[in-house]
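Here's the structure, in structure tokens; my notes come after.
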Amino acid sequence: MIIGLTGGIASGKTTIVNFLKKNKFAVHESDGVVKKIYSKPTYRFIKYLKKIGLLNSIKNQKINKNTIREEIFINKRKKRELEKFIHKEVKKSREKFLKKHKKSTIVFLDIPLLFENNLEKICDYVILLYAPKVIRKKRAIKRTGMRKKIVENIMNNQLSDSLKRKKADFIIKTNTTKKNTYTILMKTINLIKKKYA
């Protein structure tokens, strides 16, 4: 059974993923794949960035993600082209993961843009991790290299919270204590297991 995990920026996905892994659940992290693409760029990716006009984000074979973020939010074509490459790589990694864990009873796919990319169709159930926008904005700005403008651009490019809430099978609020969030998460997983059985 495939469970999709999603939520807007700074909705607590990393905390939940770490908890699931600690409890021996198989989790595929889209963000982890993307992080690797940027931190250990292949020659193919660097060549592609140059091709789509993001040469100024590369210095000494290293990529400045903030430069890319600022560039793609003012140039929709570059954004589309970049996403095409990233999504293809994440999809390859995800398919490999699902193949590897095909005998597992339950697996999780952590996909930040799950609804935006219509990936709910590959999931049996979708859990939305939710916290009010004002809280998420505060959390995100605390991150290294995150400016208010970048956070707002990211939020504006994500589906609205109300639409996500309508589309999700389960909603878990992450603006309470971690202990409470973990308890609700485990209750939700057990409920899904009963439904599946």
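The values are calculated or read from the model by the stated rules, or taken from the named source; none is laboratory data. Since we're looking at a predicted model, the values are computed, not measured. In this analysis, Cβ positions are derived from the backbone assuming ideal geometry, glycine residues included, and neighbour counts consider all displayed protein chains. Accessible surface areas use protein heavy atoms only, side chains included; no ligands, DNA or RNA. Shrake-Rupley method; radii C 1.70, N 1.55, O 1.52, S 1.80 Å.
Considered as a group, the residues in segment 1-34 that are of a type in the set (Lys, Arg) and open to solvent by 40 Å² or more (accessible area, probe 1.4 Å) include one that is farthest from residue 176 (Cα to Cα), and that residue is 24. Entry remark, segment 159-185: residues being more than 29 Å from residue 22 (Cα to Cα) and in contact (Cβ under 8 Å) with a residue 12 or more places away in the chain number 2 in total. Could you please give the count of residues in segment 23-80 that are farther than 23 Å from residue 6 by Cα and of a type in the set (D, E, K, R)? Count: 12. Exactly one residue out of 37, 46 is touching a residue at least 40 places away in the same chain (Cβ under 8 Å), closer than 22 Å to residue 93 by Cβ and open to solvent by less than 40 Å² (accessible area, probe 1.4 Å): that is 37. When the criteria are applied in full, residue 100 fails the requirement of being over 15 Å from the mean Cα position of the chain (by Cα), of a type outside the set (Ser, Thr, Tyr) and within 21 Å of residue 15 (Cβ to Cβ).
In segment 51-78, the qualifying residues are those that are over 23 Å from residue 148 (Cα atoms) and surrounded by 15 or more Cβ atoms within 10 Å (Cβ to Cβ), and the one that is modelled with the lowest pLDDT is 58. Criterion applied to 154, 171, 127, 111 was being closer than 27 Å to residue 54 by Cα, touching a Phe, Trp or Tyr at 6+ places or on another chain (Cβ under 9 Å) and not small (Gly, Ala, Ser), and the one residue passing it is 154.
Given the condition assigned to a strand (DSSP E or B) and touching a His at 6+ places or on another chain (Cβ under 9 Å), answer yes or no: does some residue in segment 57-67 qualify? No, segment 57-67 has no match at all. Of the set (1) without any contact (Cβ under 8 Å) to a residue 12 or more places away in the chain; (2) farther than 22 Å from residue 18 by Cβ; (3) among the aliphatic types (A, V, I, L, M), all apply to residue 146 but (2).
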